[in-house]
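Peer 1: Just passing along the structure, written as structure tokens.
The values are calculated or read from the model by the stated rules, or taken from the named source; none is laboratory data. What you are looking at is a predicted structure, and each value in this text was computed from that prediction instead of being measured. When we count neighbours, we look across all protein chains shown, and the Cβ atoms used for this are built from the backbone with ideal geometry, even at glycine.
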Amino acid sequence: MNRLLARWLLLPLWGLTVSQLPAQTPQTPSDRPPEESSDQVKLQTKMGLFFPLEEKAGQITVSKTVWLNKNTVLEPGTKLSTLFTMPSLDDADVQAERKRIQSKRSLSSERQLPVEKSNALVEALRKRSEQPAWTTHIPFRAMLNRRDAGELYLVYYPPSGDKRIEPVDLPEDMLWIEESGAVTIEWVDETGGGAKFGFQHGDKVISINSIATPTIQALRQAYLDLRTDRGMGVGVVSVEVQRKGEADHLYLSLKTPPSLGGSALEMF
């Protein structure tokens, strides 16, 4: 579904969902050791894309800083609720909503009552976004790795803030996380732009155009500052990475689009 249409559909939800749900206090990070065991690493590799999460007392929280999309960074302690896809006209829940609305309108007309003004797509989207929070990591893992799912949206609560809904649009089809004072590529979609250009799992991003990027916020800011023109130009940037097994750092050339309206990076 077109991203512009998707955002148009999401607009009514802010008044319907966020205001009706009480703010939730995120769970205190667990005492689980920060280092993953070899078995956990093998499982994560086998299962594909998976956010660094902590599961405690039926609540799922982010354990490391994650770059979710061009505008959104998930901080440690962010409580994840659910993932959902944008509805389409052929989906069963949309068709059911259409029948419900039509039936209610017919009844209102017969009884000369005010006709309900609603949209089947918006109603289906509202209900998807208001699902009960998932209590284990399993559905998150399954949804993140469904290639046929379409556009994914995440429902979450920041450590201090109200409910938010954001698209899962990983910059250049890679999972960027922040840990131990460095930004690391935790996962690379083998069919995405990053993989085609040579990024690999485990690469640590050291700098962009000689600007140190020890945090994801610094990384994002570097891209914003390096845009040559808000409306037109395209700027080429050099990304310095440290790769396991390589004695010297590698330098990859990327270009920043004039507007970060798509992915955060483009191939050069």
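Peer 1: Can you name the condition, by its number, that A96 falls short on among (1) out of contact with any helix residue (DSSP H, G or I) (no Cβ under 9 Å at 6 or more places or on another chain); (2) at pLDDT 85 or above?
Peer 2: Only one criterion is unmet by A96, namely (1).
Peer 1: Select from the stretch 161-197 the residues that are of a type in the set (F, W, Y) and either touching a Lys or Arg at 6+ places or on another chain (Cβ under 6 Å) or within 17 Å of R220 (Cβ to Cβ) (or both) and list them in ascending order.
Peer 2: First, pick out the residues of the stretch 161-197 that are of a type in the set (F, W, Y): 176, 187, 197.
Listed by number, the list holds a single entry, W176.
Peer 1: A further question on this structure: Of everything in the stretch 171-190 that's among the hydrophobic types (A, V, I, L, M, F, W, C) and closer than 20 Å to I211 by Cβ, which residue is surrounded by the fewest Cβ atoms within 10 Å (Cβ to Cβ)? Talk me through it step by step, then tell me what you get.
Peer 2: Of the residues in the stretch 171-190, the ones among the hydrophobic types (A, V, I, L, M, F, W, C) are 174-177, 182-183, 185, 187-188.
Subset that is closer than 20 Å to I211 by Cβ: 174, 176-177, 182-183, 185.
On the way: M174: 24, W176: 25, I177: 20, A182: 14, V183: 24, I185: 20.
Top of the filtered list is A182.
Peer 1: Could you pull out the residue among G161, G198, G181, G150 that is at positive phi and touching a Ser or Thr at 6+ places or on another chain (Cβ under 7 Å)? Write out each step before concluding.
Peer 2: Details: G161 fails: touching a Ser or Thr at 6+ places or on another chain (Cβ under 7 Å); G198 fails: touching a Ser or Thr at 6+ places or on another chain (Cβ under 7 Å); G181 fails: touching a Ser or Thr at 6+ places or on another chain (Cβ under 7 Å).
None of the others qualify; the one that does is G150.
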